[in-house]
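The structure appears right after this line, and notes come after that.
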Amino acid sequence: MMRVLLTAGPTYEPLDPVRFLGNRSTGKMGYALAEAFAATGASVTLISGPTALAAPANLLITTLRVETAQQMYEAAAAAAPLADIWVFAAAVADYRPATVAAEKIKKAGDTLTLTLVKNVDIAATLGQTKRAEQFAVGFALETTNELAHAQDKLHRKNFDLVVLNSLRDAGAGFGHDTNKVTVLDRAGEVRSFELQAKTELARTLVALILTHFTAIYA
Ligand code: CTP
């Protein structure tokens, strides 16, 4: 049975007991991918940041909920050696507050400066441990030189495929039910897809991933 590791959703990086730094990721694309993989008979470990979505009611999908990038990394690192395919769909915070206040931070002064420190890059760190028979898929969201940056990310993080989200199209990306993507592979091939429902796009991407996976490692 094919085993898939999937990260999805945002991460929340706490500042104090009531506040966090987060982002607008809803997890919809990642959850749709989990369902689409399960529909092919694959077993999926879905490592999800905080989202409003219910855990998929599918016996093939194990959902692990985490909050921070560090927790997501630890859960992913535990599942990665056992998985055939890794898909990094999460919008992981690149930085976290350097310290987490034990008590709620009180208002003082007209400005407040936060010091942030770098989080672990989950995809890049696991990418260094990827075995020849494993396959990794990353996501990229770029605003300038999209293809060049995505291609660079593919090599830097040891991805086999990278899914580039378009920000230029209305209805694509964060918060929407639709998405428009371009997929790049290691051979330099570029495939663009029309704007479509995330559920439909998930099925298309899973078919593409499985085709690449079997072509390379079968
Ligand atoms: N990613 C990750 N861990 C991080 C940051 C990113 O696993 N700490 C993964 C994402 O899930 C995605 C890919 O890396 O699959 C690219 O994410 P992106 O935010 O575009 O990349 P960054 O490394 O943050 O690149 P930059 O900020 O330089 O654009």
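Summary table below
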| read-out | value |
| --- | --- |
| DSSP-loop trypsin sites (Lys or Arg not before Pro) across the stretch 19-102, with at most 11 other Cβ within 10 angstrom | Arg24 |
| Cα centre as origin, Lys/Arg/Asp/Glu Cβ charges: the stretch 52-121 dipole, Debye | 300 |
| Residues Ile105 and Gln70, FRET efficiency given R0 of 30 Å [Cβ-Cβ distance, rounded to 0.05] | 0.90 |
| Projected-area mean, the stretch 90-140, by convex hull of Cα positions, square nanometres | 5.7 |
| Equivalent ellipsoid semi-axes - Cα gyration tensor, the stretch 1-114, angstrom | 32, 13, 10 |
| ³J(HN,Hα) computed for each position of the stretch 66-77 - Karplus, 6.51 cos²θ - 1.76 cosθ + 1.60, integer Hz, glycine/proline x | 10, 10, 9, 4, 4, 5, 5, 4, 4, 5, 5, 5 |
| Quarter of the Cα convex hull surface for the stretch 125-218, i.e. its orientation-mean projected area (nm²) | 6.2 |
| Simple Cβ-charge dipole of the chain, Lys/Arg +1 and Asp/Glu -1, about Cα centre, in debye nearest 20 | 280 |
| Calculated FRET value between Ala54 and Ala197, using beta carbons and R₀ = 22 Å, to 0.05 | 0.75 |
| From phi via Karplus (6.51, -1.76, 1.60), per-residue ³J(HN,Hα) for the stretch 110-123 in Hz, x at Gly/Pro | 8, 10, 9, 10, 9, 9, 10, 10, 5, 8, 5, 8, 4, 5 |
| Student exercise, the stretch 162-218 dipole from Lys, Arg, Asp, Glu Cβ charges, in Debye to nearest 20 | 80 |
| Pairwise centroid distance, computed over Cα atoms, of the stretch 125-163 with the stretch 1-26, Å | 19 |
| Estimated inter-spin distance, Thr129 and Asp169, nm [label 7 Å along Cα→Cβ] | 3.5 |
| Distance cut-off 28 Å, percentage of C-alpha pairs in the chain lying past it | 28 |
| Cut-off under 5 Å, modelled amide H: who pairs with Asn119 long-range | Tyr95, Arg96 |
| 28 Å Cα-Cα reach of Lys118 towards lysines, excluding residues that sit fewer than 8 places from it in its own chain | Lys28, Lys104, Lys106, Lys107, Lys130, Lys153, Lys157 |
| Separation of the Asp185 and Asn145 label points, Cα + 7 Å toward Cβ, nm | 2.6 |
| In sequence order, calculated HN-Hα J values of the stretch 99-107 (Karplus, 6.51, -1.76, 1.60; Hz; x Gly/Pro) | 10, 10, 5, 6, 10, 4, 5, 7, 5 |
| Taking Thr113, Thr7, Thr178 and counting other C-beta atoms within 10 Å, the order from fewest to most | Thr113, Thr178, Thr7 |
| Cβ-based charge dipole, the stretch 1-96, positive-most Cα from Ile47, Thr26, Leu82 | Thr26 |
| Sorted by Cβ density within 10 Å, fewest first, the residues Tyr73, Tyr31, Tyr12 | Tyr12, Tyr73, Tyr31 |
| Taking Val190, Val181, Val18, Val87 and counting other C-beta atoms within 10 Å, the order from fewest to most | Val18, Val190, Val181, Val87 |
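Every number here is computed from the coordinates shown, using simple stated rules; none is lab data. All figures in this text were calculated on a predicted structure; none of them were measured in a lab. Positions of Cβ are generated from backbone atoms using ideal geometry, with glycine treated the same way; all protein chains shown enter the neighbour counts.
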